[in-house]
Amino acid sequence: MTGADIPLSSYRPISQARVPVTSVERARLPAVDAHTHLGRWLTEDGDWMVRDVPALVDMMDRLGLRGMVNLDGRWGRELAANLERYDAAHPGRFATFCHVDWSATTGPGFGERLAAQLRASVAEGAAGLKVWKDVGLRVRDHRGELVMLDDERLAPLWATAGELGVPIALHTADPVAFFQPADERNERLEQLTARPDWAFHGPGCPPFERLIEAMEAMVAAHPATTVIGVHAGCWPENLGWVGRMLDEYPHFHIDIAARLAELGRVPRAARALLLRHPGRVLFGTDEIPPDPRVYRIHFRFLETADEAFAHSLEDPPLMGRWTISGLDLPEEVLSRVYAANALRLVPRLA
């Protein structure tokens with residue numbers, strides 16, 4: 001078989017670059033994973049994402065993880081079950097965020113009802129609010145129109161989070177490539193081929209820029225509300241924009257969860273961003289379920305100056321056929337990114 005006969009889907013090149021390889025088995029400093037999914041919300045069978053919690057705690061101890069933020073609390077009985085399983089059973093190791101029931105948007109006055117639901121969930125023990133990408137992409141009002149983050153009717157919800165002093169972990173949009181044609185120019189073509197439901201290009205889908213515009217408008221309108229733009233501020237392909245958001249809105253933060261591929265391919269820009277805003281960046285993985293091997297990739301990325309290493313365990317890496325380089329963060333920055341920033345925003349873990 002010649003090279004011309006090998007389909008691109010079977011292409012698995014082995015890099016010939018000879019570069020230092022640093023094995024980082026455990027975080028150099030105590031760390032908090034501010035972006036985990038431990039509940040039942042995202043599982044296919046309705047069972048817990050992590051079935052053996054003591055084994056998870058043992059893994060955390062081996063890796064140097066002092067705590068995790070569980071973003072799967074939902075509301076009502078599901079919130080109570082998550083709080084009992086994690087927060088109450090292992091004090092100081094877990095903090096569960098709630099959701100709100102977006103089906104309320106089909107009736108008038110939904111902002112106030114959602115705010116009341118958040119207030120009740122926080123009273124029950126929720127440490128924050130998780131807002132997923134379905135706001136802007138799927139959630140609709142009684143007229144069938146998409147509800148955007150900057151919809152004035154949602155203002156009571158965002159203001160209540162600020163009043164209660166709980167952060168919002170906000171995921172809007174998705175990788176830019178998901179909003180572009182799935183053709184030969186798309187850098188996530190293999191991923192979109194595997195998950196066509198992640199494609200948001202075409203009729204019925206708002207442009208990526210509209211979703212980002214709505215997020216900034218929401219952040220700007222609520223300076224008393226702490227917002228964590230997850231996945232590197234929701235636009236890791238444009239760190240200039242992320243840096244401007246951090247410059248202009250002191251209540252805006254980001255995490256690095258599930259975006260090592262984007263951050264690690266521009267390590268100088270990513271390092272400069274973290275050095276400029278060391279108090280505004282949170283460590284997180286979004287690995288479902290937690291995997292020690294993935295944590296060690298993150299530790300290597302943050303702690304070492306290694307170059308040209310894999311950002312994923314996948315072969316091929318569906319989040320991009322490229323390698324990443326480490327940030328080699330100074331210890332004073334690393335300590336804040338690893339834990340101090342999360343402990344400040346989620347004091348239950350402190």
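The values are calculated or read from the model by the stated rules, or taken from the named source; none is laboratory data. These figures come from a predicted structure and were not determined experimentally. A quick note on method: Cβ atoms are made from the backbone with ideal geometry, for glycine too, and the neighbour counts reach across all protein chains shown. With ligands, DNA and RNA removed, areas are computed over all heavy atoms of the protein, side chains included. Shrake-Rupley method; radii C 1.70, N 1.55, O 1.52, S 1.80 Å.
Annotations for the structure displayed:
- Enumeration of residues in region 94-112 that are open to solvent by 20 Å² or more (accessible area, probe 1.4 Å), of a type outside the set (Asp, Glu) and not in a helix (DSSP H, G or I): 108, 109
- Set side by side, the residues 36, 22 differ, and just one is under 25 Å from residue 79 (Cα atoms), touching a residue at least 24 places away in the same chain (Cβ under 8 Å), open to solvent by less than 70 Å² (accessible area, probe 1.4 Å) and under 30 Å from the mean Cα position of the chain (by Cα), which is 36.
- Listed by position, the helices (runs of 4 or more DSSP H) enclosed by region 267-350 include none that has at least 1 residues that are modelled with pLDDT under 95 and surrounded by fewer than 18 Cβ atoms within 10 Å (Cβ to Cβ).
- Where a residue in region 174-197 is free of Cβ contacts under 8 Å to residues at least 60 places away in the same chain and among the small types (Gly, Ala, Ser) and its partner, wherever it lies, is in a loop (DSSP other than H, G, I, E, B) and open to solvent by less than 30 Å² (accessible area, probe 1.4 Å), with Cβ under 7 Å and at least six apart: 177/186; 177/188
- Any hit, region 69-91, residues being in contact (Cβ under 8 Å) with a residue 24 or more places away in the chain and over 21 Å from residue 125 (Cα atoms): no
- Exclusive hit being farther than 16 Å from residue 222 by Cα and modelled with pLDDT under 95, set 127, 116, 123, 182: 182
- Tally, over region 193-238, of residues that are open to solvent by 10 Å² or more (accessible area, probe 1.4 Å), within 16 Å of residue 170 (Cα to Cα) and among the polar types (S, T, N, Q): 1
- Single residue of 155, 115, 126 found to be assigned to a loop (DSSP other than H, G, I, E, B), among the small types (Gly, Ala, Ser) and touching a residue at least 12 places away in the same chain (Cβ under 8 Å): 126
- Scanning region 131-179 for residues that are surrounded by 17 or more Cβ atoms within 10 Å (Cβ to Cβ) and among the charged types (D, E, K, R) yields 133, 150, 151, 174.
- Of the residues making up region 72-93, those that are more than 21 Å from residue 30 (Cβ to Cβ) and either open to solvent by less than 20 Å² (accessible area, probe 1.4 Å) or part of a helix (DSSP H, G or I) (or both) number 13.
- When region 198-223 is filtered for residues that are in a loop (DSSP other than H, G, I, E, B) and either closer than 26 Å to residue 36 by Cα or touching a residue at least 24 places away in the same chain (Cβ under 8 Å) (or both), the ones remaining, listed by number, are 199, 200, 205, 206, 207, 222, 223.
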